[in-house]
Amino acid sequence: EAAVTQSPRNKVAVTGGKVTLSCNQTNNHNNMYWYRQDTGHGLRLIHYSYGAGSTEKGDIPDGYKASRPSQENFSLILELATPSQTSVYFCASGDPPGLGVYAEQFFGPGTRLTVL
Amino acid sequence: GDSVTQTEGLVTLTEGLPVMLNCTYQSTYSPFLFWYVQHLNEAPKLLLKSFTDNKRPEHQGFHATLHKSSSSFHLQKSSAQLSDSALYYCALSAGNSAGNKLTFGIGTRVLVRP
């Protein structure tokens with residue numbers, strides 16, 4: 001079974017502060033993803049990565065940065081947190097698609113972030 | 001761009017009755033379709049995914065059929081159980097997506113009552 005962990009699980013931050021959310025996966029998957037989940041919007045992709053050293057912008061990257069220092073770790077960074085970034089954040093990992101096959105993504109337990 | 005539409009925000013039904021969740025999509029390329037399920041305070045996890053050879057995927061009593069002519073991938077179950085209460089997401093991965101990126105719908109919450 002895929003194993004994706006996130007830390008912290010809950011975080012309260014102040015407006016303008018810096019927040020770092022961490023994700024670790026032990027599946028040796030090449031691809032990793034950061035999503036935020038909001039009622040009425042579903043899961044939206046913020047950043048993703050093809051492997052160590054790579055980061056790519058997703059659909060809603062503004063206000064977020066990402067870092068992939070190793071195969072196992074993928075961080076999401078909010079340099080100047082705002083109340084609009086209050087949300088639940090999910091990390092996921094998965095293999096790149098094979099010939100005619102699209103692999104599933106495995107999600108971590110989520111981080112609930114509140115920005116006051 | 002790619003998009004997924006789930007028309008029901010909340011579906012409430014009685015245990016033992018059938019359930020169908022609607023999912024339609026738009027994509028420039030021939031996409032793969034997925035259903036993910038998220039139980040309360042848990043992570044989303046894969047429930048079903050479409051096949052390339054038109055087989056009908058089934059899991060835990062749920063099944064879905066990809067209809068390319070109508071761009072739909074509706075989720076069905078003949079008899080709902082209390083444990084089926086959860087949030088269900090339809091998602092697609094476009095045929096050109098090297099990163100295997102997923103585009104999700106807004107989700108349908110299912111509440112099964114005794």
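Residue A:15 meets each of the listed conditions (1) at pLDDT 95 or above; (2) closer than 23 Å to residue B:34 by Cβ; (3) over 15 Å from the mean Cα position of the chain (by Cα) apart from (2).
Being closer than 30 Å to residue A:6 by Cα, within 14 Å of chain A (Cβ to nearest Cβ) and modelled with pLDDT of 90 or more is true of residue B:36.
Scanning the stretch B:51-83 for residues that are over 13 Å from the mean Cα position of the chain (by Cα), of a type in the set (D, E, K, R) and at pLDDT 85 or above turns up just one, B:68. With respect to the conditions (1) more than 14 Å from chain A (Cβ to nearest Cβ); (2) within 15 Å of residue A:43 (Cα to Cα); (3) basic (Lys, Arg), residue B:45 lacks only one, and its number is (1). Residues being outside any loop (DSSP other than H, G, I, E, B) and surrounded by fewer than 17 Cβ atoms within 10 Å (Cβ to Cβ) are entirely absent from the stretch B:29-44. Against the criterion of being modelled with pLDDT of 95 or more, part of a strand (DSSP E or B) and more than 21 Å from residue A:48 (Cβ to Cβ), residue B:17 does not qualify.
The values are calculated or read from the model by the stated rules, or taken from the named source; none is laboratory data. Keep in mind the model is a prediction, meaning the values are calculated, not measured. Please note: Cβ atoms are built from the backbone with ideal geometry, for glycine as well, and neighbour counts cover all protein chains shown.
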